[in-house]
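S.K.: This structure is in structure tokens; I'll ask about it shortly.
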Amino acid sequence: MFNLQISPRAEQTLAELHTFFDEHIYPNEAIYHQQLNNAADPWATVPIMQELKGKAKAAGLWNLFVPPSLAQFVDHEGYSNLDYTPMAELMGRVLWSSEVFNCNAPDTGNMEVLMKFGDEAQQDRWLAPLLAGDIRSAFAMTEPQVASSDATNVQLSIEKDGEGWRLNGRKWFISGAMYERCQIFIVMGKNDPDNPARHLQQSQILVPRDTPGIDIIRPMSAFGYVDPPFGHAEMVFNNVWVPDDHMILGPGRGFEIAQGRLGPGRMHHCMRLIGAAQRCLEITCKRVNARGVFGQPMNRNQGVRESIARSYADLEMARLMVYRTAEAMDSQGIKHSIDLISATKARVPTMVQDIIDRCMQLHGAGGFSADFPMAEAFSYARWCRMADGPDEVHLMSLGKQIIARWG
């Protein structure tokens with residue numbers, strides 16, 4: 001049996017978070033988009049973001065993603081995965097809001113890597129300013145030449161050169177790399193390509209943005225969204241050299257580090273997706289109550305009612321799956337809950353995508369516009385079916401596990 005009740009401390013924090021949204025996030029949505037759209041540099045910090053971050057930090061609503069096991073790095077006791085689930089869901093209602101609370105990807109995963117695997121010097125130089133929200137980061141793994149869903153395919157070379165390492169290769173769809181505040185990349189590449197143990201060929205290494213040889217080619221778009229101010233960059237590493245002390249954990253440990261960061265990160269996306277779908281459904285219910293078609297209110301149309309009902313049922317199933325997986329991660333650990341993580345990661349984005357698609361349909365042409373949150377949320381849900389491993393990889397792995405368990 002399992003208990004999906006969050007802790008009293010988390011309930012209090014969640015209540016404070018709701019108040020913060022009512023007082024500071026929802027009233028500033030239009031201002032955020034106005035400042036973003038009018039900015040001379042789309043990759044510059046949005047002024048209202050800095051103002052809201054200061055308010056969130058002062059309210060103690062900061063670094064909420066950090067679990068109790070890593071609480072020594074923050075000024076609170078940490079929150080379990082289950083405790084954090086409704087908080088991340090709330091942040092998913094306004095997709096840019098996670099940064100306000102220093103809980104945005106890929107920074108959360110990168111901070112967790114540095115907390116778990118970084119040495120003291122790396123933590124002092126990079127983790128401290130990330131936890132303070134002074135800088136941002138990116139994780140460079142995906143490559144255009146290979147199927148990067150299999151991390152052992154990564155081709156960027158990391159070669160020993162004197163008292164450091166030299167990097168050569170191309171990366172793309174590197175989330176957050178366009179942002180002016182992005183100051184550090186965690187780069188995954190191969191330092192030992194001939195090692196017969198395929199999972200010991202890779203390393204992860206810290207590369208400061210201002211290192212000579214880094215060339216950001218262009219921002220990548222997804223469904224026409226270039227996602228400012230964060231962006232998804234294509235970039236080239238051309239004879240980029242960094243010293244030995246920039247290697248994380250040690251040569252050949254890259255795959256181990258990647259596996260250690262992906263469990264919580266995958267679930268954070270799913271948690272936010274629940275919030276995005278919930279808000280889209282609420283807005284759609286208001287829409288069908290306010291509009292009429294063919295001589296009657298939309299809310300009396302049988303097809304409309306069925307679409308809303310299906311969306312509600314799918315959303316509740318998806319939410320339960322996310323909560324159940326978060327609880328399993330807390331009670332059993334990442335390794336022993338990997339089946340639920342794979343199942344949730346492979347199914348929740350698709351379910352949310354379908355919910356949002358119905359909401360878009362019930363909004364007519366407006367559903368495709370930026371006047372409503374559906375189009376951006378749909379793009380995010382579709383993107384999540386590829387990010388942190390595509391559906392097919394998770395389903396293949398999950399099927400293998402289930403067959404072995406009961407076959």
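S.K.: Sort out which residues of segment 301-352 are surrounded by 18 or more Cβ atoms within 10 Å (Cβ to Cβ) and of a type in the set (Phe, Trp, Tyr), and write them in order of number.
M.R.: Selection gives 323 alone.
S.K.: Residues that are closer than 19 Å to residue 86 by Cα, among the charged types (D, E, K, R) and in the same structural domain as residue 67 (by TED's automatic domain parsing): which helices (runs of 4 or more DSSP H) entirely in segment 266-385 hold 1 or more of them?
M.R.: On the way: elements: 302-332, 338-362, 374-384.
Once the helices (runs of 4 or more DSSP H) in segment 266-385 are filtered for at least 1 residues that are closer than 19 Å to residue 86 by Cα, among the charged types (D, E, K, R) and in the same structural domain as residue 67 (by TED's automatic domain parsing), nothing remains.
S.K.: In segment 358-371, what residues are touching a residue at least 60 places away in the same chain (Cβ under 8 Å) and surrounded by fewer than 19 Cβ atoms within 10 Å (Cβ to Cβ)?
M.R.: Answer for segment 358-371, where residues must be touching a residue at least 60 places away in the same chain (Cβ under 8 Å) and surrounded by fewer than 19 Cβ atoms within 10 Å (Cβ to Cβ): just 370.
S.K.: Taking the stated definitions as given, is residue 217 crowded, with 23+ Cβ neighbours inside 10 Å and more than 18 Å from the chain's Cα centre (by Cα)? Even if it seems obvious, please write down each step before you answer.
M.R.: On the way: crowded, with 23+ Cβ neighbours inside 10 Å: no; more than 18 Å from the chain's Cα centre (by Cα): yes.
No, not satisfied.
S.K.: Residues to consider are 212, 229, 251; find the one that is closer than 27 Å to residue 366 by Cβ, modelled with pLDDT of 95 or more and not in a helix (DSSP H, G or I).
M.R.: On the way: 212 fails: closer than 27 Å to residue 366 by Cβ; 251 fails: closer than 27 Å to residue 366 by Cβ.
Matching residue, one of 212, 229, 251: 229.
S.K.: Pull up segment 69-113, narrow it to residues that are charged (D, E, K, R) and under 17 Å from residue 381 (Cβ atoms), then point me to the one that is surrounded by the most Cβ atoms within 10 Å (Cβ to Cβ). Can you show your working first?
M.R.: Filtering segment 69-113 for residues charged (D, E, K, R) gives 75, 77, 83, 89, 93, 99, 107, 112.
From what is left, the residues that are under 17 Å from residue 381 (Cβ atoms) are 89, 93.
Numbers: 89: 23, 93: 21.
Looking at residues that are charged (D, E, K, R) and under 17 Å from residue 381 (Cβ atoms), I get 89.
S.K.: Name the residues in segment 146-200 that are of a type in the set (Lys, Arg), out of contact with any Phe, Trp or Tyr (no Cβ under 8 Å at 6 or more places or on another chain) and at pLDDT 95 or above, would you?
M.R.: Taking segment 146-200 as the starting set, the residues that turn out to be of a type in the set (Lys, Arg) are 160, 166, 170-171, 181, 190, 198.
Cutting the leftovers down to out of contact with any Phe, Trp or Tyr (no Cβ under 8 Å at 6 or more places or on another chain) gives us 160, 181, 190, 198.
The answer is 160, 181, 190.
S.K.: From (1) under 25 Å from the mean Cα position of the chain (by Cα); (2) within 26 Å of residue 94 (Cβ to Cβ), pick out the condition that doesn't hold for residue 364.
M.R.: (1)
The values are calculated or read from the model by the stated rules, or taken from the named source; none is laboratory data. For clarity, every value in this text was computed on a predicted model and none was experimentally measured. As a convention, Cβ positions derive from the backbone with ideal geometry for all residues, glycine included, and neighbour counts pool all protein chains shown.
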